[in-house]
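Before any comments, here is the structure.
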Amino acid sequence: GMGRAGSVMTVDFTANGQKFVALNGGPEFKFNEAISFQILCEDQAEIDHYWTRLTEGGGEAGPCGWVKDRYGVSWQVVPTRLIDMAADPDEEKAARATKAMLAMGKLDLDALEKAYAGE
């Protein structure tokens, strides 16, 4: 059978205006990096906020803006500005921003802007 009587099979929830359905597939299904969420941030304060909240209580900081929360769900905390930088038609500017990002854990928007500008 599918779980114990009275156990929850599905949960509907909304996070930041996006609707989700979570399915309880049983204990053999664990969270892994195949599913992740991206949090697009407007500024460093927002990056810091989500990074702090997701790492607290047993979360784990990772490379390139990635973080695992205490439940093992993967998130990437990214400034929207980085998406613009990485898509710049000037390949050197885009490459400098990407290279800087790859050396970071939590993303530092100021440092990304400097790398992008060639400073």
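The values are calculated or read from the model by the stated rules, or taken from the named source; none is laboratory data. All values reported here derive from a predicted model rather than from experimental measurement. All Cβ positions, even for glycine, are placed from backbone atoms using ideal geometry, and neighbour counts span all protein chains on display. Side chains are part of the model used for accessible areas, which takes the heavy atoms of the whole protein and leaves out ligands, DNA and RNA. Shrake-Rupley method; radii C 1.70, N 1.55, O 1.52, S 1.80 Å.
Within segment 16-42, if we keep just the residues that are touching a residue at least 24 places away in the same chain (Cβ under 8 Å) and of a type in the set (Val, Ile, Thr), the residue that is least open to solvent (accessible area, probe 1.4 Å) turns out to be ILE39. Looking only at residues in segment 10-29 that are modelled with pLDDT of 80 or more and assigned to a loop (DSSP other than H, G, I, E, B), the one that is farthest from GLU46 (Cα to Cα) is GLY17.
In segment 45-91, what residues are touching a residue at least 12 places away in the same chain (Cβ under 8 Å), over 13 Å from the mean Cα position of the chain (by Cα) and surrounded by fewer than 14 Cβ atoms within 10 Å (Cβ to Cβ)? Within segment 45-91, GLU56, GLY57, GLY58, ARG70, TYR71, ILE83 meet the criteria. Taken over segment 4-15, the criterion of being farther than 14 Å from TYR71 by Cβ and either aromatic (Phe, Trp, Tyr) or surrounded by 10 or more Cβ atoms within 10 Å (Cβ to Cβ) (or both) is satisfied by MET9 alone.
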